[in-house]
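Here the structure is laid out as C-alpha coordinates; the discussion comes afterwards.
The values are calculated or read from the model by the stated rules, or taken from the named source; none is laboratory data. Everything numeric in this text was worked out from a predicted model, so none of it was measured. Note that each Cβ is placed from the backbone with ideal geometry, even for glycine, and that neighbours are counted across all protein chains shown.
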Amino acid sequence: MTQQRLRIAIQKSGRLADECQTLLKGAGLKLNLRDQRLLSHCQNLPIDILRVRDDDIPGLVMDGVVDLGIVGENVLEEERLEREAMNRPCEFTTLRRLDFGGCRLSLAVDKDLAWDGPTTLAGKRIATSYPYLLASYMKKTGVPFSDCMLKGSVEVAPRAGLADAICDLVSTGATLEANGLKETEVIFRSKATLIQTASPLSATNQELVDKLLTRINGVIQARE
Ligand code: PRP
Ligand code: ZN
Ligand code: MG
(Lines give C-alpha, C1' and ligand atoms only; values in the text may rest on other atoms or scores of the structure.)
(Ligands and ions follow the chains in the order given, each with its own letter.)
Protein backbone atom coordinates (compact mmCIF):
# COMPACT_ATOMS: atom_id res chain seq x y z
CA MET A 1 0.00 0.00 0.00
CA THR A 2 1.67 3.18 -1.13
CA GLN A 3 0.50 6.32 0.55
CA GLN A 4 2.02 9.65 -0.32
CA ARG A 5 -0.71 12.18 0.22
CA LEU A 6 -1.08 13.40 3.78
CA ARG A 7 -4.21 11.96 5.42
CA ILE A 8 -6.31 13.97 7.86
CA ALA A 9 -9.34 12.48 9.64
CA ILE A 10 -12.16 14.80 10.69
CA GLN A 11 -15.67 14.25 12.01
CA LYS A 12 -18.22 13.61 9.30
CA SER A 13 -21.17 15.14 11.11
CA GLY A 14 -21.71 16.39 14.62
CA ARG A 15 -20.60 19.23 16.80
CA LEU A 16 -17.03 19.52 15.44
CA ALA A 17 -17.69 18.91 11.75
CA ASP A 18 -18.39 22.45 10.52
CA GLU A 19 -15.64 24.08 12.55
CA CYS A 20 -13.08 21.54 11.32
CA GLN A 21 -13.93 22.40 7.74
CA THR A 22 -13.81 26.13 8.46
CA LEU A 23 -10.39 25.74 10.08
CA LEU A 24 -8.92 23.71 7.20
CA LYS A 25 -10.35 26.06 4.59
CA GLY A 26 -9.01 29.02 6.59
CA ALA A 27 -5.60 27.34 6.49
CA GLY A 28 -5.78 27.46 2.70
CA LEU A 29 -6.98 23.97 1.79
CA LYS A 30 -9.28 23.96 -1.21
CA LEU A 31 -11.88 21.33 -0.33
CA ASN A 32 -15.06 20.19 -1.96
CA LEU A 33 -16.89 18.54 0.94
CA ARG A 34 -20.41 18.96 -0.34
CA ASP A 35 -20.96 15.32 -1.17
CA GLN A 36 -21.01 12.50 1.35
CA ARG A 37 -17.81 10.74 0.30
CA LEU A 38 -15.56 9.23 2.97
CA LEU A 39 -12.42 10.38 1.18
CA SER A 40 -11.98 13.79 -0.50
CA HIS A 41 -8.89 15.09 -2.25
CA CYS A 42 -7.72 18.56 -1.42
CA GLN A 43 -7.48 20.42 -4.75
CA ASN A 44 -4.39 22.56 -4.16
CA LEU A 45 -2.22 20.47 -1.78
CA PRO A 46 -1.28 16.75 -1.57
CA ILE A 47 -3.77 16.15 1.26
CA ASP A 48 -6.70 13.74 1.60
CA ILE A 49 -9.52 14.36 4.05
CA LEU A 50 -11.27 11.37 5.61
CA ARG A 51 -14.66 12.08 7.11
CA VAL A 52 -15.52 9.48 9.73
CA ARG A 53 -17.30 9.08 13.08
CA ASP A 54 -15.53 11.08 15.77
CA ASP A 55 -15.15 7.95 17.92
CA ASP A 56 -13.06 6.32 15.18
CA ILE A 57 -10.53 9.18 14.86
CA PRO A 58 -8.22 8.46 17.86
CA GLY A 59 -7.78 4.81 16.83
CA LEU A 60 -7.07 5.72 13.21
CA VAL A 61 -4.28 8.07 14.39
CA MET A 62 -2.91 5.66 17.03
CA ASP A 63 -2.79 2.83 14.47
CA GLY A 64 -1.09 5.11 11.91
CA VAL A 65 -3.91 4.65 9.39
CA VAL A 66 -4.12 8.44 9.07
CA ASP A 67 -1.39 11.02 9.73
CA LEU A 68 -3.44 13.70 11.48
CA GLY A 69 -6.80 13.89 13.19
CA ILE A 70 -9.03 16.55 14.70
CA VAL A 71 -11.05 15.18 17.60
CA GLY A 72 -12.53 16.09 20.97
CA GLU A 73 -10.17 15.45 23.89
CA ASN A 74 -13.00 13.55 25.58
CA VAL A 75 -13.14 10.94 22.82
CA LEU A 76 -9.32 10.91 22.56
CA GLU A 77 -8.68 10.34 26.27
CA GLU A 78 -11.37 7.65 26.51
CA GLU A 79 -9.78 5.73 23.62
CA ARG A 80 -6.29 6.20 25.10
CA LEU A 81 -7.37 4.83 28.49
CA GLU A 82 -9.16 1.89 26.87
CA ARG A 83 -6.17 0.98 24.70
CA GLU A 84 -3.77 1.39 27.60
CA ALA A 85 -5.87 -1.08 29.60
CA MET A 86 -5.86 -3.52 26.66
CA ASN A 87 -2.12 -3.11 25.94
CA ARG A 88 -2.84 -1.81 22.46
CA PRO A 89 -0.99 1.08 20.74
CA CYS A 90 -2.12 4.38 22.25
CA GLU A 91 0.67 6.81 21.32
CA PHE A 92 0.10 10.09 19.50
CA THR A 93 1.48 13.64 19.45
CA THR A 94 -0.64 16.69 20.21
CA LEU A 95 0.12 19.42 17.66
CA ARG A 96 -2.18 21.97 19.23
CA ARG A 97 -5.33 22.38 21.26
CA LEU A 98 -7.95 24.16 19.15
CA ASP A 99 -10.31 27.02 19.92
CA PHE A 100 -13.64 25.23 19.46
CA GLY A 101 -15.58 22.17 20.59
CA GLY A 102 -15.55 23.12 24.26
CA CYS A 103 -17.58 20.83 26.50
CA ARG A 104 -17.27 18.97 29.78
CA LEU A 105 -17.85 15.42 30.90
CA SER A 106 -19.95 15.59 34.04
CA LEU A 107 -21.85 13.54 36.57
CA ALA A 108 -25.53 14.36 36.72
CA VAL A 109 -28.42 13.13 38.84
CA ASP A 110 -32.14 13.71 39.26
CA LYS A 111 -32.55 17.42 39.98
CA ASP A 112 -34.44 16.64 43.22
CA LEU A 113 -31.79 14.31 44.63
CA ALA A 114 -29.86 15.76 47.58
CA TRP A 115 -26.20 15.87 46.44
CA ASP A 116 -23.49 15.45 49.03
CA GLY A 117 -20.44 14.91 46.82
CA PRO A 118 -19.38 11.71 45.01
CA THR A 119 -20.17 9.56 48.09
CA THR A 120 -23.83 10.14 47.17
CA LEU A 121 -23.17 7.60 44.41
CA ALA A 122 -21.85 4.83 46.69
CA GLY A 123 -23.18 1.51 45.41
CA LYS A 124 -25.19 3.24 42.69
CA ARG A 125 -25.25 2.60 38.95
CA ILE A 126 -23.99 5.27 36.54
CA ALA A 127 -24.90 5.21 32.84
CA THR A 128 -22.21 6.48 30.45
CA SER A 129 -20.57 6.27 27.02
CA TYR A 130 -17.23 7.00 28.74
CA PRO A 131 -16.56 4.02 31.07
CA TYR A 132 -12.78 4.55 31.25
CA LEU A 133 -12.89 8.28 32.04
CA LEU A 134 -15.62 7.58 34.60
CA ALA A 135 -13.66 4.73 36.22
CA SER A 136 -10.50 6.85 36.34
CA TYR A 137 -12.37 9.67 38.12
CA MET A 138 -14.27 7.37 40.52
CA LYS A 139 -11.06 5.55 41.43
CA LYS A 140 -9.66 8.85 42.75
CA THR A 141 -12.77 9.38 44.90
CA GLY A 142 -12.59 5.82 46.27
CA VAL A 143 -16.38 5.52 45.98
CA PRO A 144 -17.59 2.06 44.84
CA PHE A 145 -20.09 2.14 41.97
CA SER A 146 -21.28 0.12 39.01
CA ASP A 147 -21.73 1.31 35.46
CA CYS A 148 -23.94 0.76 32.50
CA MET A 149 -22.65 1.33 28.97
CA LEU A 150 -24.96 3.28 26.67
CA LYS A 151 -23.65 4.65 23.36
CA GLY A 152 -26.61 7.00 23.08
CA SER A 153 -29.65 8.32 24.96
CA VAL A 154 -27.61 8.32 28.18
CA GLU A 155 -29.70 11.20 29.52
CA VAL A 156 -32.89 9.12 29.64
CA ALA A 157 -31.34 6.29 31.70
CA PRO A 158 -32.32 7.60 35.17
CA ARG A 159 -35.94 8.23 34.20
CA ALA A 160 -36.10 4.82 32.48
CA GLY A 161 -34.87 3.17 35.68
CA LEU A 162 -31.66 1.93 34.04
CA ALA A 163 -29.31 3.91 36.28
CA ASP A 164 -29.23 6.26 39.28
CA ALA A 165 -26.95 8.82 37.66
CA ILE A 166 -25.26 9.60 34.37
CA CYS A 167 -21.80 10.65 33.25
CA ASP A 168 -22.20 12.47 29.95
CA LEU A 169 -21.07 15.44 27.89
CA VAL A 170 -22.54 18.79 28.73
CA SER A 171 -22.24 21.79 26.48
CA THR A 172 -25.16 24.20 26.94
CA GLY A 173 -26.85 22.07 29.62
CA ALA A 174 -30.09 21.93 27.60
CA THR A 175 -30.10 18.12 27.42
CA LEU A 176 -29.79 17.77 31.21
CA GLU A 177 -32.46 20.42 31.77
CA ALA A 178 -34.87 18.73 29.35
CA ASN A 179 -34.44 15.44 31.21
CA GLY A 180 -34.88 16.71 34.75
CA LEU A 181 -31.21 16.23 35.64
CA LYS A 182 -28.67 18.48 37.35
CA GLU A 183 -24.91 18.60 36.82
CA THR A 184 -23.09 17.77 40.05
CA GLU A 185 -19.39 17.23 39.27
CA VAL A 186 -17.27 18.08 36.24
CA ILE A 187 -14.87 15.18 35.69
CA PHE A 188 -13.13 16.21 32.43
CA ARG A 189 -12.92 19.47 30.45
CA SER A 190 -12.55 19.07 26.72
CA LYS A 191 -11.84 20.99 23.53
CA ALA A 192 -11.12 19.91 20.00
CA THR A 193 -7.46 19.06 19.43
CA LEU A 194 -5.18 18.41 16.46
CA ILE A 195 -3.13 15.22 16.81
CA GLN A 196 -0.47 13.45 14.77
CA THR A 197 0.40 9.79 14.53
CA ALA A 198 3.46 8.73 16.57
CA SER A 199 5.18 6.96 13.66
CA PRO A 200 7.49 9.25 11.66
CA LEU A 201 6.17 10.74 8.42
CA SER A 202 8.14 11.16 5.22
CA ALA A 203 10.22 14.35 5.20
CA THR A 204 7.89 15.86 2.57
CA ASN A 205 4.76 15.11 4.59
CA GLN A 206 6.32 16.39 7.83
CA GLU A 207 7.17 19.66 6.06
CA LEU A 208 3.57 19.87 4.90
CA VAL A 209 2.35 19.27 8.47
CA ASP A 210 4.67 22.00 9.78
CA LYS A 211 3.37 24.43 7.16
CA LEU A 212 -0.23 23.49 7.92
CA LEU A 213 0.31 23.96 11.65
CA THR A 214 1.81 27.42 11.08
CA ARG A 215 -1.24 28.37 9.04
CA ILE A 216 -3.66 26.93 11.62
CA ASN A 217 -1.88 28.92 14.35
CA GLY A 218 -2.38 32.01 12.18
CA VAL A 219 -6.09 31.33 11.71
CA ILE A 220 -6.63 30.86 15.45
CA GLN A 221 -4.54 33.89 16.38
CA ALA A 222 -6.51 36.04 13.95
CA ARG A 223 -9.82 35.20 15.63
CA GLU A 224 -8.66 35.48 19.25
C1 PRP B 1 -23.67 15.26 23.75
C2 PRP B 1 -24.32 14.61 24.95
C3 PRP B 1 -25.69 15.22 25.00
C4 PRP B 1 -25.46 16.60 24.41
C5 PRP B 1 -25.29 17.65 25.48
O6 PRP B 1 -23.86 14.50 22.62
O7 PRP B 1 -24.39 13.19 24.79
O8 PRP B 1 -26.57 14.48 24.21
O9 PRP B 1 -24.27 16.54 23.64
O10 PRP B 1 -25.25 18.97 24.94
P11 PRP B 1 -26.06 20.17 25.60
O12 PRP B 1 -25.55 20.33 27.01
O13 PRP B 1 -25.72 21.37 24.75
O14 PRP B 1 -27.52 19.84 25.56
P15 PRP B 1 -23.07 14.79 21.24
O16 PRP B 1 -24.09 14.93 20.19
O17 PRP B 1 -22.08 15.87 21.39
O18 PRP B 1 -22.15 13.53 21.02
P19 PRP B 1 -22.50 12.06 20.49
O20 PRP B 1 -23.40 12.21 19.30
O21 PRP B 1 -21.15 11.47 20.15
O22 PRP B 1 -23.19 11.45 21.68
ZN1 ZN C 1 -19.71 10.37 18.94
MG1 MG D 1 -25.46 12.68 22.41
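Structural remarks
- Residue in the range 140-149 that is within 16 Å of ligand 2 (Cβ to nearest atom), under 24 Å from ARG83 (Cβ atoms), surrounded by 15 or more Cβ atoms within 10 Å (Cβ to Cβ) and not hydroxyl-bearing (Ser, Thr, Tyr) present: no
- Exclusive hit being assigned by TED's automatic domain parsing to the domain that holds SER199, in contact with a Ser or Thr (Cβ under 7 Å, 6 or more places away or on another chain) and assigned to a helix (DSSP H, G or I), set VAL61, VAL71: VAL61
- Residues being touching a helix residue (DSSP H, G or I) at 6+ places or on another chain (Cβ under 6 Å) and within 15 Å of ILE8 (Cα to Cα) - total across the range 198-224: 0
- Test: residue in the range 116-126 that is at pLDDT 95 or above, in contact with a helix residue (DSSP H, G or I) (Cβ under 6 Å, 6 or more places away or on another chain) and not assigned by TED's automatic domain parsing to the domain that holds ALA157: no
- Failed item in (1) over 30 Å from LEU213 (Cα atoms); (2) within 16 Å of ligand 1 (Cβ to nearest atom); (3) in a loop (DSSP other than H, G, I, E, B), with PRO144 passing the rest: (2)
- Tally of residues being over 22 Å from CYS167 (Cα atoms) and without any contact (Cβ under 8 Å) to a residue 60 or more places away in the chain across the range 66-88: 3
- Taken over the range 101-133, the criterion of being away from ligand 3 (no atom under 16 Å from the Cβ) and in a loop (DSSP other than H, G, I, E, B) is satisfied by LYS111, ASP112, LEU113, ALA114, TRP115, ASP116, GLY117, ALA122, GLY123, LYS124.
- Test for PHE188: is it of a type in the set (Phe, Trp, Tyr) and more than 16 Å from ligand 2 (Cβ to nearest atom): no
- Count - residues of the range 177-191 that are within 16 Å of ligand 3 (Cβ to nearest atom) and under 25 Å from ASP99 (Cβ atoms): 3
- Among the residues here, GLY72 qualifies as buried (at least 16 other Cβ atoms within 10 Å of the Cβ) and within 16 Å of ligand 3 (Cβ to nearest atom).
- Any hit, the range 207-223, residues being within 16 Å of ligand 1 (Cβ to nearest atom) and aliphatic (A, V, I, L, M): no
- Residue list for the range 152-185, filter: within 16 Å of ligand 2 (Cβ to nearest atom), small (Gly, Ala, Ser) and either surrounded by 14 or more Cβ atoms within 10 Å (Cβ to Cβ) or not assigned by TED's automatic domain parsing to the domain that holds LEU113 (or both): none
- Residues in the range 8-42 that are polar (S, T, N, Q) and either assigned to a helix (DSSP H, G or I) or crowded, with 16+ Cβ neighbours inside 10 Å (or both): GLN11, GLN21, THR22, SER40.
- Residues located in the range 53-62, provided they are crowded, with 18+ Cβ neighbours inside 10 Å and either touching a residue at least 40 places away in the same chain (Cβ under 8 Å) or more than 14 Å from ligand 2 (Cβ to nearest atom) (or both): ASP54, ASP56, ILE57, PRO58, LEU60, VAL61, MET62
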